[in-house]
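The values are calculated or read from the model by the stated rules, or taken from the named source; none is laboratory data. It should be emphasised that the depicted structure is a prediction, and the values quoted were computed from it without experimental measurement. Cβ placement follows ideal geometry from the backbone for every residue including glycine, while neighbour counts extend to all protein chains displayed. Keep in mind that these areas ignore ligands, DNA and RNA; they rest on the heavy atoms of the full protein, side chains included. Shrake-Rupley method; radii C 1.70, N 1.55, O 1.52, S 1.80 Å.
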Amino acid sequence: MNSVGIDAVAIHAGKLRLDLAETFAPAMDEAPEKYTKGLGLHASSFPDVDEDIVTMGANAAHRLLDRKGLEPDDIGRIDVATESAFDNSKPVSTYIAGCLEQVYEGDFHHANKGERKFACISGTQSLDDAYNWIRAGRHRGRAALVIATDTALYARGDAGEATQGAGAVAMLVTEDPSLVELSPEQGFGSADETDFLKPNQQFPSVDGKRSVQVYLARMREALEDYESVAEPTHPDQFRYIPFHTPFPGMVRKAAMLGYRHMIRDSSIEDDLAPEIGRQPRIEAFDDEEQFMDAVRDYMDDLKETEAYREWYEGAIEPTLDIARHVGNWYTGSVHVARASALKRALEDDVDMTNEKLLVGSYGSGAQAEIHTETVREGWAEEIGALDIDDQLAARYDISFEEYEQVHDVHNHDKETDFEAFTTPDAEFVLSGRGPMDERVYEYVE
């Protein structure tokens, strides 16, 4: 069996832009630094009035298939990962397939279609499903199309409102991929949690402080589980470490936890010992509270070391370049982080061939997954084909009043009648409702 992984990727960002520092912060009577420095976000992407998770996913997929010269018969399965679904029965993948059939001569009638749900981790779970389908030899030489698409909206006034975002990532999964090869080894950390959930409601209920704690705990478990089936991890093994990125500020916490774990009992810990001491070991303390206090003190010191700062700037910071300007994409966030890192490498003329990525995915509820990816020799051509910079530059900047209108448009409990802010250009749009109140889509030249 040849290697299996991501052959190509395409991204579609929501066509509207909300500036957090200049537009959102003043309306909230907050300092801009709360968002730009605290959360690490500068802007959010939003879907226009005629956009939703189907159009964003279909537009990303169409761009990907066209660029690769593929037809419907080349695709054996379409997996859509989302936590923004609007139907409890009909999967988003069928809507997206229907859109694509408007622009191709063939159809996807013989492609297996499904929809994955496990908060933000379901994009990676869909990759896993496609990987296993190919490894099992059930693909008949065809590729899998994996689409992560979400509109991450929060209720007005919610603490998560500033982290909102909307967009889709389409990934082609094949044998002998051009972009990255997925490792067969995986690590998981999973538990029954209620840190973030939507019990028959559109907008999430979130325990923000607990959500951060659960995110870090599951990531730690997943890393330990990965090492139990692979090998001990070390900072020098990985050129980049893309994490699930609800907002860059949370990644800073995950990065510190991962770095501390990876340097334990290593030469890096030895070299840092004269400066900040060795990591606390629980057996040296009378109770867990004392131990945790010592761990927090150690991490505060570790964060200020030159070794950590250099590692963070090299391995983590490049993964956040896109996220800072689009917000949270839920199921697509970690896949945006991967693309962001490789895009930075291409811009900096770094040869990534055969370099390793350590990928940390997470979904509330809760589960984390850790796996590694090996960058393939065709990576530069694939990443060079991304047009995300052009998309972001072309977004329409909305005022706060327009933001309120757009939020109402995408609130399922409200009826609105606003015109789109942008003009469709060779893309799929939401054009109305059918006789069973189903959403209807069309391709606009």
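Listed by chain and number, the aspartates and glutamates whose alpha-carbon sits under 12 Å from that of residue 117, ignoring those within fewer than 8 places in the same chain, are 79, 83, 150. Treating the beta-carbon of each Lys and Arg as +1 and of each Asp and Glu as -1, no other charges, what is the dipole magnitude of the range 202-262 about its Cα centre, to the nearest 20 debye? Approximately 400 debye in magnitude.
Tell me which of 208, 243, 254 sits at the most positive position along the dipole axis of the range 185-269, charges placed on C-beta atoms (Lys, Arg +1; Asp, Glu -1). Most positive-ward Cα: 208. GNM remark for the chain: springs join alpha carbons under 10 Å apart, and the peak mean-square fluctuation among 343, 15, 37 falls on 37.
Taking 51 Å as R0, compute the FRET efficiency from the Cβ-Cβ separation of residue 423 and residue 297 and round it to 0.05. Mind showing how you got there, number by number?
Details: r = 56 Å, r/R0 = 1.10.
Efficiency, rounded to the nearest 0.05: 0.35.
Where a ≥ b ≥ c are the square roots of the eigenvalues of the C-alpha gyration tensor, would you call the range 148-279 rounded, which needs a/c under 1.5, or, failing that, prolate if a/b is larger than b/c, or oblate?
Working: a/c = 2.13, a/b = 1.38, b/c = 1.54.
Verdict is oblate for the range 148-279.
Computed over protein heavy atoms with a 1.4 Å probe, the carbon and sulfur contribution to the accessible area of the range 1-58 reaches 47%. Which one of 290, 201, 125 has the biggest mean-square fluctuation once the chain is modelled by GNM with Cα springs under 10 Å? Comparing 290, 201, 125 in the GNM, the peak value goes to 290. Listed by chain and number, the lysines whose alpha-carbon sits under 17 Å from that of residue 209, ignoring those within fewer than 8 places in the same chain, are 34, 253.
Over the chain, what relative contact order in percent results from Cα pairs under 8 Å that are six or more residues apart?
On the way: 928 pairs, mean separation 110.9, N = 445.
The value is 25 percent.
Counting only residues at least eight positions apart within a chain, or on another chain, the lysines with an alpha carbon under 17 Å from that of residue 356 are 343. Shape index of the range 15-165: Rg/Rh, with Rg the Cα radius of gyration and Rh the Kirkwood radius from the inverse mean 1/r over Cα pairs, equals 1.06. Shape of the range 357-441 from its Cα gyration tensor (a ≥ b ≥ c, root eigenvalues): rounded if a/c is under 1.5, otherwise prolate when a/b > b/c, or oblate? Prolate shape, in that a/c is at least 1.5 and a/b is the bigger ratio.
Which net charge results for the neighbourhood of residue 176, defined as the other residues with beta-carbon distances under 10 angstrom from its beta-carbon, given Lys and Arg at +1 and Asp and Glu at -1? Summing Lys/Arg as +1 and Asp/Glu as -1 gives -2.
Rounded to the nearest 20 debye, the dipole size of the range 291-442 about its Cα centre is 520 debye, using +1 on the Cβ of Lys and Arg and -1 on the Cβ of Asp and Glu. Let me know the shape class of the range 38-113, please: from the alpha-carbon gyration tensor, a ≥ b ≥ c as square roots of the eigenvalues, rounded when a/c is under 1.5, otherwise prolate if a/b is greater than b/c, or oblate. Since a/c reaches 1.5 and a/b is larger than b/c, the shape of the range 38-113 is classed as prolate. Along the axis of the charge dipole computed for the chain (Cβ charges of +1 for Lys and Arg, -1 for Asp and Glu, origin at the Cα centre), the listed residues 55, 136, 223 are led at the positive end by 136.
Between the residues 371, 441, 423, the greatest Cα displacement towards the positive end of the dipole of the range 352-445, with unit charges on the Cβ of Lys, Arg, Asp and Glu, is found for 371. When the helices of the chain are scored as -39500 (n - 2.57) per DSSP H run of n ≥ 4 and the total is divided over every residue, the value at 222 nm lands at -11000 deg cm²/dmol. From most to least packed by mean Cβ count within 10 Å, the peptides 158-166, 225-233, 275-283, 434-442 give 158-166, 225-233, 275-283, 434-442. The long axis of helix 248-263 is offset from the longest Cα principal axis of the chain by roughly 40 degrees.
Where nothing but the Cβ of Lys and Arg (+1) and of Asp and Glu (-1) is charged, how large is the charge dipole of the chain around its Cα centre, in debye to the nearest 20? Write out the running numbers ahead of the final one.
Numbers: 42 positive and 88 negative charges, 162 e Å.
Computed charge dipole of the chain: roughly 780 debye.
Heavy atoms of the protein chains alone define the surface here; on that basis the chain has 42 Å² accessible area per residue at 1.4 Å probe size. Here the range 242-283 exposes an accessible surface that is 51 percent carbon and sulfur, computed with a 1.4 Å probe and the other protein chains kept in place.
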